[in-house]
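Okay, structure first, notes after.
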Amino acid sequence: SQKIEQNSEALNIQEGKTATLTCNYTNYSPAYLQWYRQDPGRGPVFLLLIRENEKEKRKERLKVTFDTTLKQSLFHITASQPADSATYLCALVSGGYNKLIFGAGTRLAVHP
Amino acid sequence: EAQVTQNPRYLITVTGKKLTVTCSQNMNHEYMSWYRQDPGLGLRQIYYSMNVEVTDKGDVPEGYKVSRKEKRNFPLILESPSPNQTSLYFCASRHPGQLYNEQFFGPGTRLTVL
């Protein structure tokens, strides 16, 4: 069956360190993968998109990698700050591009 | 300000009492979608619409209806709500012509069905 898996346990890190979040998928062949940030009580906000022919994408302190062989995307936040604390969702573009299939998200807590 | 709005933000109702959650966007987006979010399950798509008068089922459409009579509005209708529809609901829209572009989400509607 098709699955998208993100670490269900919260990730706790110290301010200034690099946070790395994982998104694994099975039985999909996504052409695109997106990452969103969601704060409590609010809707997800788009962060980055990476295409299947791109190995890496960067935006300020954010970096996303996409390994279609491993069926995995890694999301990195460098020099993390308490304001980065949120839940991060990965999403695959599927179904003839009409659907985004979301993972359940990983909660990140950055401690001062 | 470009945004997706939803109303109401919070709703407590009883089983069987019809309700409508409104969604409106001011970005002239052709594509709109409804999701529900449940703990541990992530966001699941209920219905989507590629344009006015064009709607299609997502992954969990049972018990829901939608309509798209105008480009900016995409209401979600629960004809006979049941407790298993207690959830957090999000409306989203996407820029036309970019099938893989980011989706803009509304603030969410927390629904409780007793």
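The values are calculated or read from the model by the stated rules, or taken from the named source; none is laboratory data. Just so we're clear, the structure is a prediction, and the values are computed from it rather than from any experiment. Methodologically, a virtual Cβ is constructed for each residue, glycine included, from the backbone with ideal geometry; neighbour enumeration extends over all protein chains shown. Surface areas here come from the heavy atoms of the whole protein model, side chains and all, with no ligands, DNA or RNA. Shrake-Rupley method; radii C 1.70, N 1.55, O 1.52, S 1.80 Å.
Could you point to the residue in A:N7, B:H29, B:L76 farthest towards the positive end of the protein assembly as shown's charge dipole, with +1 and -1 charges on the Cβ of Lys/Arg and Asp/Glu respectively?
Checked the options; the winner is B:L76.
Using a 1.4 angstrom probe, figure out how much accessible area chain A has per residue, in square angstrom, rounded to the nearest whole. Don't skip to the answer; put the middle values down first.
Working: 5620 Å² over 112 residues.
So chain A comes to 50 Å² accessible per residue, rounded to a whole number.
In debye, nearest 20, what is the charge dipole magnitude of region A:58-111 about its Cα centre with +1 on Lys and Arg Cβ and -1 on Asp and Glu Cβ, if you could check?
Details: 7 positive and 3 negative charges, 15 e Å.
Computed about the Cα centre, the dipole is about 80 debye.
In region B:19-46, which residues give up 50 Å² or more of accessible area once the other protein chains are added, compared with their chain alone (1.4 Å probe)?
Relative to the lone chain, where solvent access is computed with a 1.4 Å probe, region B:19-46 loses at least 50 Å² at B:L43.
Taking Cα pairs under 8 Å and at least six residues apart, what relative contact order does chain A come out at, in percent? The partial results should precede the final answer.
Details: 275 pairs, mean separation 39.9, N = 112.
Reported relative contact order: 36 percent.
Per residue of A:33-46, count partner chain C-beta atoms within 10 Å of its C-beta, then hand back the mean as an integer. Don't skip to the end; give the middle numbers.
On the way: counts 1, 4, 0, 4, 0, 5, 0, 0, 5, 5, 15, 10, 4, 6.
If you average over the peptide's residues, the count of other-chain Cβ atoms is 4.
On each of the three principal axes of the Cα atoms of chain B, give max minus min coordinate, whole Å, ordered largest first.
Here the Cα extents, ordered largest to smallest, are 41, 30, 27 Å.
In angstroms, what radius of gyration and Dmax does the protein assembly as shown have, counting Cα atoms only?
In Å, with Rg to one decimal and Dmax whole: 17.6, 51.
For B:D59, list long-range residues whose amide hydrogen, built 1.01 Å from N in the peptide plane, is under 5 Å from its own amide hydrogen.
Amide H neighbours of B:D59, under 5 Å, 5+ apart: B:Q45, B:I46.
How much accessible surface does A:T87 have with a 1.4 Å probe, in Å² rounded to 10?
The value for A:T87 is about 40 Å².
Name the shape class, rounded, prolate or oblate, that the alpha-carbon gyration tensor gives for region A:7-112, where a ≥ b ≥ c are the square roots of its eigenvalues, rounded holds for a/c under 1.5, and otherwise prolate holds if a/b is larger than b/c and oblate otherwise.
Numbers: a/c = 1.97, a/b = 1.57, b/c = 1.25.
Prolate.
May I ask you to give the percent of accessible area on region A:11-79 that is carbon plus sulfur, with a probe radius of 1.4 Å? Please report the intermediate quantities before stating the final value.
On the way: 1720 of 3670 Å².
C and S fraction of accessible area: 47 percent.
Among B:L111, A:H111, A:I77, flag the residue with its Cα farthest along the positive direction of the charge dipole of the protein assembly as shown, charges on Cβ as +1 for Lys/Arg and -1 for Asp/Glu.
Comparing the listed Cα positions along the dipole, B:L111 ranks first.
Estimate the FRET efficiency between B:Y10 and A:E54 by the formula 1/(1 + (r/R0)^6), using the beta-carbon distance for r and 35 Å for R0, to the nearest 0.05.
Values: r = 40 Å, r/R0 = 1.15.
So, using R0 = 35 Å, E works out to roughly 0.30.
Let's see if you can work this out: charge +1 on each Lys and Arg Cβ, -1 on each Asp and Glu Cβ, no other charges. What is the dipole magnitude of chain B about its Cα centre, in debye to the nearest 20? Present the calculation step by step, with values, prior to reporting the outcome.
On the way: 13 positive and 10 negative charges, 59 e Å.
Roughly 280 debye for chain B.
Please identify, among B:G16, B:G58, B:G42, the residue showing maximal mean-square fluctuation in a Gaussian network model of chain B using a 10 angstrom Cα cutoff.
Of the options given, B:G42 has the highest mean-square fluctuation.
Where the only charges are on Cβ atoms (+1 Lys, Arg; -1 Asp, Glu), what is the dipole of region A:13-79 about its Cα centre, to the nearest 20 debye?
Details: 11 positive and 7 negative charges, 21 e Å.
Here the size comes out at about 100 debye.
What is the interface area between chains B and A, defined as buried accessible area summed over both chains with a 1.4 Å probe, reported in Å² to the nearest 100?
Working: alone 6280 and 6480 Å², together 11090 Å².
The B and A chains share an interface burying roughly 1700 Å².
Which whole-number value in Å³ per residue fits the convex hull of the alpha carbons of region A:7-62? Working shown, then result.
Details: hull volume 7.2 nm³, N = 56.
Output value, Cα hull per residue: 129 Å³.
With θ set to phi - 60° and the Karplus curve 6.51 cos²θ - 1.76 cosθ + 1.60, what are the ³J(HN,Hα) couplings of region A:56-65 in order, to the nearest whole Hz, using x for Gly and Pro?
8, 9, 10, 8, 6, 8, 9, 9, 10, 10
I'd like the carbon and sulfur percentage of the solvent accessible area for region B:41-84, probe radius 1.4 Å, heavy atoms only, ligands and nucleic acids excluded.
On the way: 1090 of 2260 Å².
C and S atoms contribute 48 percent here.
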